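See structure below.
The values are calculated or read from the model by the stated rules, or taken from the named source; none is laboratory data. What you see is a predicted model; the values in this text were computed from it and never measured. No Cβ is skipped: glycine too gets one built from the backbone with ideal geometry, and neighbour counts run over all protein chains shown. Remember, those area values only see protein heavy atoms, side chains included, never the ligands or the DNA or RNA. Shrake-Rupley method; radii C 1.70, N 1.55, O 1.52, S 1.80 Å.
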Amino acid sequence: MIRLGNGIYLCNLNGHHLKIVYMGNNICTLYLENEYKGSAPFDYIKKKLTEFEKTWNTSQIKKYEFKEFLSTFDKMI
């Protein structure tokens with residue numbers, strides 16, 4: 001998780017971009033892919049995201065690239 005100025009936090013989990021904006025009084029708003037998802041207690045969200053970042057090895061996860069299936073049977077005929 002990266003902390004920017006004015007209480008903005010950025011996180012990248014499994015290819016999804018998550019933005020957390022701290023509003024004050026332990027309240028934050030959540031944005032997933034720049035789409036508003038709701039508000040939640042800041043300390044709970046920060047704790048859970050930190051746990052996810054430690055347990056998930058997101059550097060190894062890659063998005064699937066579509067490859068057309070070619071059968072070896074078709075080539076033999």
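So, taking all protein chains as they sit and a 1.4 Å probe, how much accessible area belongs to Phe52, in Å² rounded to tens?
Number for this one is 80 Å².
Quick check: pseudo-label points 7 Å beyond the Cα along Cα→Cβ at Lys37 and Phe69, how many nm apart are they?
In this crude spin-label approximation the distance works out to 3.3 nm.
By the scheme Lys and Arg +1, Asp and Glu -1, what is the net charge of all other residues having a beta-carbon under 13 Å from that of Ile27?
Neighbour charge sum, excluding Ile27 itself: 0.
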